[in-house]
Every structure is written in structure tokens, then in C-alpha cells.
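K.L.:
Handing you this structure, nothing more for now.
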Amino acid sequence: MDGKFLEIARAATGGSSQVQPLVQPPERTRVRTTTAAPADQRTPVVRLQLVDDDGILDWEDVTAMPPDLGRFRGTPSIKARETFEVMELEFERLPPSKITQFLTHRDEKLTPHRGLRRLDGDTKTLSPAEFPDAGEALVFVHGTFSNSENMIAGLLDEKNERGGEFLEQAIRRYNGNVFTFDHPTLSVGPILNAFDLQRAIGASEAKIHLVSHSRGGLVSRWWCETFDPLARRCDKSIFVGSPLAGTGLAAPPNIRETIHLLTQFSRALQTAAGLTALAIPVFSVVEAMLRVVTSITNLAARTPVADAAMAMVPGLFGMSRVGNNPELRRLLETPMSQTERYYAVRSDFQPVDPAWKFWRMFRKERVVNAAADALFDGANDLVVDTPSMINLADEVKIPKSRAWDFGQSATVHHLNYFYQSDTAKFLGDTLL
């Protein structure tokens, strides 16, 4: 690990955890706890260490061990290029009754703006604006590890040859009615986000085109199916890397593997992809999940109580790929007569860069442990199972004619779809 990753961790936690480097590993044997301590014996402070083992990061709960009394601690002045082997997080344990409040506060940091904002054609900035009563409008809906600014930034990136052109044409095509919808992604489920979207749109009779990323696809689909089932307003909806049939990443039994993968992902975004702005929200979600898990048990506990931690994060559980997810099952079983309005963009990420070597640990063909098999059964973009991205119902899929498939890609992963010229071209061909 290096000082840059330390900066990302500190920015992501926003002071809710004390983040310190250990410049050399402690001279003691690490002990992994396998059972949760009784409630009356659990300490009010949790200490977790992130260890770098030949490029693979692993969390260890060292709460029960004596602290190292500063002997191995680095200092806040560590430089971006300096390396260290262990990073320690220390935070107060959350009372279970405070988990929802904590997630609400974390959402406020991840998405400080809420509701609809219009994209300014000249400055390409976003400002609150009234939704049009009629005509046509384009609405971007972000996902869990992102916000509206990140989606627009991807399209405007200097390496995206078609992104800026698409936005310019879209602003003209929709007479300036290009909007984004910002919403909380951890403390509430997608169906409540859809309710808020409807409240923001109100009684408008405008024809609406939606471009949704990741979990935002479930928000858009809930809005289309619940508030406009006859397609009077939801004219077209493009899902980009969306878990329409859920994702194994959000399944309760996988919570430790999910934390493990997202931790690796946050570092790779900085080191391999150069997307530091996207690495920060990913690590912020990691820390939030760590705090939820350790509020009810210890990190290594293999008990049903630990599995229940995912269900305590409604925004993640709402896209869980499990049969007992009532929201998602209800959506997948909804009778549909307007499936032709749905389009999709998807990818099967298969990197070759050594910085992504952790990727194979979570695929079925390279199972590291029994639980990892359930995380991804096969093709995925590191967050969502690729087949899920076109699955509208048990027997209904978005056809190839209405999808852009990057196929097996060494470069296109869950958080850089909007940086791709081919994504912008597909959006343009579909909407303009």
C-alpha cells in the first residue's frame, strides 16, 4: 500500500474512523476470531487491520489484541509514494439502533445533492430546476458507488471521443431538458428512490428517457413499472451495468467476500485505472459495511447473525441476488407489456493488468473458498453478474438488438462504462 491509498481511505471515511499506517507489521502472530464474543464482553472500540499480502488485501479483526502503543505506527506526514504494509482502522462500535442513522449520514456524504438537477449546456454543471410539464426530457440516474457528477464526468472525459458530442446533441435534442436524479443509495431501497423520483417529476406529461447506471437501473425500472406501466411517460430506459435480476455481491451470505472484493476494487481504481475520484466512494461503502458488520458481531464470525448484516443496509439488499429478496422478486414477477422500451449496456470484465489479479479470486473457475463460489457464478463486471444486466423477468430478456455488449473486455468494468466512447455512441444511436 502507498500514501495515495492512505489518502483515499481517509477521504472516504471522513473522520468517522481513525486511519493510520503501520510502517512494518507487528512482531506477533495474528489470531483470527471465528466466533462472536458475547454482547456484554464486546468492546466499544473496534480495530481492524488491512494487510497487503503480495498485492492481495485482507482485513483482520485485531480488536481483542493489545494495541501496538504507537511503536509501529506511521505518521500523517507519510508521502504518496511511500509504502507501508498494514493500514489500521479504529472506530467506535455502532449500537444496532443507530445503524440506520449512520447510513443516512453516510448517504449525505456520498450524495450531498438530492432530487432533479438540470445540466447547463454551457458550463456542463448541474443546478436544481423545475421539471418540464410537457415535451421530452432525458434523466440520468446514478448507482451506489457514484453520483450524477461522476456520470457526467465520464462522458466529458478527454479520452472519451464521443461523450462530449453526445451531451451537446442531447441538450439540443431535448431543448435543454437534460436532468440528473440524485438519491440515497445505502439507507433506503430502490423502490423508495423510485417514489422520490415520481414525487420530483410530479404530474408532468413529458416523454421521459432514462439512462441508469448500476443500482440506478432498479430505481428507473421501479418507476417505469409502478408509476408508468403503460409507457405514457417512460418512453425509453437504458440500463448500464444494472443488476436487473440482482447481484451476488449484495447477497447476505457473501458480505465478507463483498467487503474483500470492494476493498481490492478501490485500490485498483487508483493504481491501475487512475480513477481516484471513483475509488473514494467505493472505500466509503467498504467502511460503512465494516461498521455495520462489527456493530452486531466480529468480522470473522461465520454465523447467521453476520449474514443478516447485509439486510441491515436496505440500499444494498434491494439488489441482492437471492430468492428471499421480496422487492426484487416482486419486480421480476410483474407482468410486462412494454418491454420494448428497455435497452442495456453490459460487459464481462477480464483484465490482464497485474494490478487486477485479485479479480480471479471471485470467479467460479478459480474458487478460493466455498463462499466465493456464490459471489459470481461466471461473467461479471466486478460488481454485477453480466447475465443479470439484461434479465427483465424469469423468461424475458432484453434482446441483442437493443443492447450493447462489450463482451470479454480487459478494460471495461463496472465504474468506467461512461468513460467509453462505445457507450456514448450507443446512447446517441438509441436516444438522438
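The values are calculated or read from the model by the stated rules, or taken from the named source; none is laboratory data. Keep in mind it's a predicted model, so treat the numbers as computed, not measured. No Cβ is skipped: glycine too gets one built from the backbone with ideal geometry, and neighbour counts run over all protein chains shown. What goes into the accessible areas is simple: the full protein's heavy atoms, side chains included, and nothing from ligands, DNA or RNA. Shrake-Rupley method; radii C 1.70, N 1.55, O 1.52, S 1.80 Å.
K.L.:
Take the cross-link list K236/K357; K124/K400; K124/K236 and give me the ones stretching past 28 Å between alpha-carbons.
P.N.:
Distance filter (> 28 Å) returns K236/K357; K124/K400.
K.L.:
Show that you can apply the helix-only estimate: for the chain, add -39,500 (n - 2.57) for every DSSP H stretch of four or more residues, divide by all residues, and state [θ] at 222 nm to the nearest 500.
P.N.:
Computed mean residue ellipticity for the chain: -9500 deg cm²/dmol.
K.L.:
Hey, another quick one. Of the accessible area of the chain, with the probe set at 1.4 angstrom, what percent is carbon plus sulfur?
P.N.:
52 percent
K.L.:
What does the net charge come to around D228 if you take all other residues with beta carbon closer than 15 Å to its beta carbon, with K and R at +1 and D and E at -1?
P.N.:
+2
K.L.:
Cα centroid distance between segment 170-204 and segment 100-122, in Å?
P.N.:
A separation of 12 Å, based on Cα centres.
K.L.:
Binning at 5 Å from 0, report for segment 98-230 what percent of all alpha-carbon pair distances ends up in each bin.
P.N.:
2, 11, 20, 24, 20, 14, 7, 2, 1, 0
K.L.:
Further question on the same structure: Longest span of the chain, sites excluded, free of GluC sites (Glu not before Pro) in DSSP loop with at most 13 other C-beta atoms within 10 Å?
P.N.:
Longest site-free region, per DSSP loop and neighbour criteria: 206-332.
K.L.:
Going by the alpha-carbon gyration tensor, a ≥ b ≥ c the square roots of its eigenvalues, is segment 224-317 rounded (a/c under 1.5) or, if a/c is not under 1.5, prolate (a/b greater than b/c) versus oblate?
P.N.:
Oblate shape, in that a/c is at least 1.5 and b/c is the bigger or equal ratio.
K.L.:
While we're looking at this one, here's another question. Full extension from Q18 to V45: what is 0.36 nm times the residue separation minus their Cα-Cα distance, to one decimal in nm?
P.N.:
Full-extension gain reported as 8.6 nm.
K.L.:
So if each residue of separation counts as 0.36 nm, and I subtract the Cα-Cα distance between D120 and E161, what length gain in nm does that give?
P.N.:
12.7 nm
K.L.:
Moving on. I'm checking a number: the convex hull volume of the Cα atoms of the chain, normalised per residue, in Å³. What is it?
P.N.:
Convex hull of Cα atoms, per residue: 138 Å³.
K.L.:
Calculate, in nm to one decimal, what E92 and A308 gain on full extension: separation in residues at 0.36 nm each, minus their alpha carbon distance.
P.N.:
Between E92 and A308, full extension yields an extra 75.7 nm.
K.L.:
What number comes out for accessible area per residue over the chain if the probe is 1.4 Å? Units Å², please.
P.N.:
41 Å²
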